1. When residues of region 300-316 are filtered for being buried (at least 23 other Cβ atoms within 10 Å of the Cβ), in a strand (DSSP E or B) and more than 6 Å from ligand 1 (Cβ to nearest atom), how many remain?
2. Under 6 Å between Cβ atoms, which residue pairs at least 6 apart in sequence (or on different chains) link something in region 297-322 that is within 13 Å of Gln260 (Cα to Cα) with a partner that is basic (Lys, Arg) and more than 7 Å from ligand 1 (Cβ to nearest atom)?
3. Of all residues in region 249-269, which are open to solvent by 60 Å² or more (accessible area, probe 1.4 Å) and more than 16 Å from ligand 1 (Cβ to nearest atom)?
4. Restricting to region 214-229, count the residues that are open to solvent by 10 Å² or more (accessible area, probe 1.4 Å) and assigned to a helix (DSSP H, G or I).
5. In region 315-361, how many residues are closer than 22 Å to Val283 by Cβ, in contact with a strand residue (DSSP E or B) (Cβ under 7 Å, 6 or more places away or on another chain) and aromatic (Phe, Trp, Tyr)?
6. Going by the structure shown, is Arg288 more than 11 Å from ligand 1 (Cβ to nearest atom) and not assigned by TED's automatic domain parsing to the domain that holds Ala397?
7. Can you list residue pairs whose Cβ atoms sit under 6 Å apart, with the first residue in region 384-396 being open to solvent by less than 90 Å² (accessible area, probe 1.4 Å) and the second being of a type in the set (Val, Ile, Thr) and at pLDDT 85 or above? Count only pairs 6 or more apart in sequence or on different chains.
Amino acid sequence: MNKDTSIQYLPGVGPKRAQLLESELGIRTLEDLVHLYPFRYIDRSSIVRIADVHPDLAQVQVRATVRKVRLFAKNGAELPAGQLKYNMVSRLSAMVADESGEMEMVFFKGVKWMHARLVPGSTFIFFGKPAVFGNRLNMVHPEVDAPDAGTTGVLTGVYPSTEKLKNAGITGKVMLRLMGAALQEILPAVRETLPDYILKEKGLVPLTYALRQIHFPQDQAALAKATYRLKFEELFLLQLSLLKQKYIRSRNAVGFVMSQVGQPFNDCYNALPYQLTAAQKRVIKEIREDMRSGHQMNRLLQGDVGSGKTMVAVLSALIAVGNGYQACIMAPTEVLSQQHYANVSKYLKPTGVRCALLTGTTTAARRREIHAGLQDGSIGILIGTHALIEDTVQFRALGLAIVDEQHRFGVEQRARLWNKGWGGTAPHVLVMTATPIPRTLAMTLYGDLDVSVIDEMPPGRKPVTTLCVGENKRHAMHNFIRDEIAKGRQAFIVYPLIFESEKMDYKNLQLGYEEIVKAFPLPKYKVAIVHGQQNAADKAFNMDAFAAGRADILVSTTVIEVGVDVPNASVMVIESAERFGLSQLHQLRGRVGRGAERSYCILMKGTKVSKESQKRLDLLCATENGFELAEEDMKMRGPGDLEGTQQSGLPISLNIASLAKDGLILSDARTYAQHVLDLDPTLQEQKNAPLLAELQRDKYQTKDYSKIS
Ligand code: ADP
Ligand code: MG
């Protein structure tokens, strides 16, 4: 047998179980198997007496005998044991005891299976987190093992599993046995993935040692070394692959040379009503360097809501125009494009540069004019929705493409933009996003890009007071809005609109709107409404009414999420706030605090709020810093779920390292990868041959992340 041998040939597996292991865990070969690592370890050295179990303890194991098992329905009624319909059972409770005392084991899932297993009188090892519920000590969903489990060593690995696998007899114990057999077969021939010099310089244990210890640790210290080695390797190879791609791209991608800042830039700059922040200046400098370097720019600009990205976009576009090129600014929605257009036109006044707006609703006649203007070069900057990447739109000399709110565009749309450059050369690309991404995630998602960050708010940005209240404060909330309107302010009221429950959500929005209209009657108050089912004209009419101050309240779904600027609005009410993600809530809150002396964000929560959602809401009340929120969000939910990143996804899935927890290892791995590439950019040296071989593996080939446009 070798590493590519199918697991079905391991003793005790066979074709049936092999198939199950593949469908449930994606394991096909011996090599796949040994790369399935335990997700935790049972410390078999200590079995705790029930009398010593305390809810403050972390996970513990007790060895106890089942005394009594009871089943309960949803309404709390106990179900008789005979003739059971398991779909009626919502909870299984097992009282277990050792010589020192008794406690309860609770199961909400896998009840049927547990019921069959937990026969009174039989003894098991229960492993889990102790808690107290209704004065009684319990464990919810403990791991249940045979009483003699744990003869394999001090630390016993626990592998991911599923009910199907367990039903097929592939228990934790069987997994350990398979793992032992697989290791024995392939360890002698395992090829070291990291060159010797790296193992030495970074003080890493060899791969064979790491693999053995990760599955069968001899003690905690050996396990720690093994874990570190495997995490470092995973993150290092990922960073190496990203940085190598970046190197190759910067060497290959020819870009327009824009050597001067140009008159339009200076005219605009000198007429600015305010000073640029230091962060804005720094970022513009970075962009300017890119644009004159001769290499195509591929830069991501991150900046919290309200940090002043628009100005950076305008000045960058003017550099392109000042060098004889055109620029386009693409926004995700009609409303946003219009707003950009209005803002940009204002900034362009002193420059004499012409800009135009092209969206889905632009009339055919106007379209023809725009096409002509783009062709003869009289339009310097084109602003619009993805209408501007249609095939019919041709620039005379597109030199810079700016994409606002990157995560809303698909890869394909961006690729089209890429092809619109002058003479077949790709334009410089600047992608702007307001979704704050934790540093470690940015390093990985955008590891092959240049990233600029505006980490400073313009002066004059007012703090937003955030509070979270329940239904009983609805009247108070209405009164509060009345007071603010009396001061001449305006209010947003936002409803969730989740795809799966779209129908219900629209109904809630409609009901909410009616309630607001009743509470804020004409002629004293005017209420506008904007949502996705309106036609563009209605949407624009309502939006304009609010933006221009003709309406006091805007009731809407999340269409206002990104970018809309109404400085006079001082209140943001978010209905069913628990249904929004953290960064989305933060984006919404960013709509206020732009002009008024004091602004408020009121999170209205429903009656059923999970602990986790409450934590999110509390966090939002506690800080206004988007990056801090993003870091916390990642810690709470793991990077896979982070908003704004689902589309792009992680370049590869991580097997052992965690972006949320292993930030330090990641930074170190990235620095070290850069160091290795500085000495040998294409990994041609003999000593780096193992690395080159690793990077040729499929998982590093799947996508080309080097192009964000
Ligand atoms: P975002 O980064 O969310 O796109 P905007 O570009 O819309 O932010 O800017 C938010 C507000 O801050 C706008 O009203 C803009 O005019 C203002 N602004 C931008 N830069 C500065 C600055 N340096 N000083 C003062 N106000 C600024
Ligand atoms: Mg913006």
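The values are calculated or read from the model by the stated rules, or taken from the named source; none is laboratory data. Since the structure is predicted, the reported quantities are computational estimates derived from the model, not experimental observations. In this analysis, Cβ positions are derived from the backbone assuming ideal geometry, glycine residues included, and neighbour counts consider all displayed protein chains. Just the protein is used for accessible areas: all its heavy atoms, side chains included, with ligands, DNA and RNA removed. Shrake-Rupley method; radii C 1.70, N 1.55, O 1.52, S 1.80 Å.
1. 2
2. Listed pairs, sorted by first residue: none to list.
3. The initial filter retains those residues of region 249-269 that are open to solvent by 60 Å² or more (accessible area, probe 1.4 Å), namely 251-252, 254, 257, 259-260, 263, 266, 269.
The answer is Arg251, Asn252, Val254, Val257, Ser259, Gln260, Gln263, Asn266.
4. Selection size over region 214-229: 7.
5. Summing the residues that are closer than 22 Å to Val283 by Cβ, in contact with a strand residue (DSSP E or B) (Cβ under 7 Å, 6 or more places away or on another chain) and aromatic (Phe, Trp, Tyr) in region 315-361 gives 1.
6. No, not satisfied.
7. Cβ pairs passing all conditions: Gly384/Thr359; Thr385/Thr359; Ala387/Thr359.
For every residue, the table says whether it meets (1) out of contact with any helix residue (DSSP H, G or I) (no Cβ under 8 Å at 6 or more places or on another chain); (2) open to solvent by 10 Å² or more (accessible area, probe 1.4 Å).
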{"site": "Gln83", "(1), (2)": "yes, yes"}
{"site": "Val89", "(1), (2)": "no, yes"}
{"site": "Ser93", "(1), (2)": "yes, no"}
{"site": "Met103", "(1), (2)": "no, no"}
{"site": "Gly110", "(1), (2)": "no, yes"}
{"site": "Ala116", "(1), (2)": "yes, yes"}
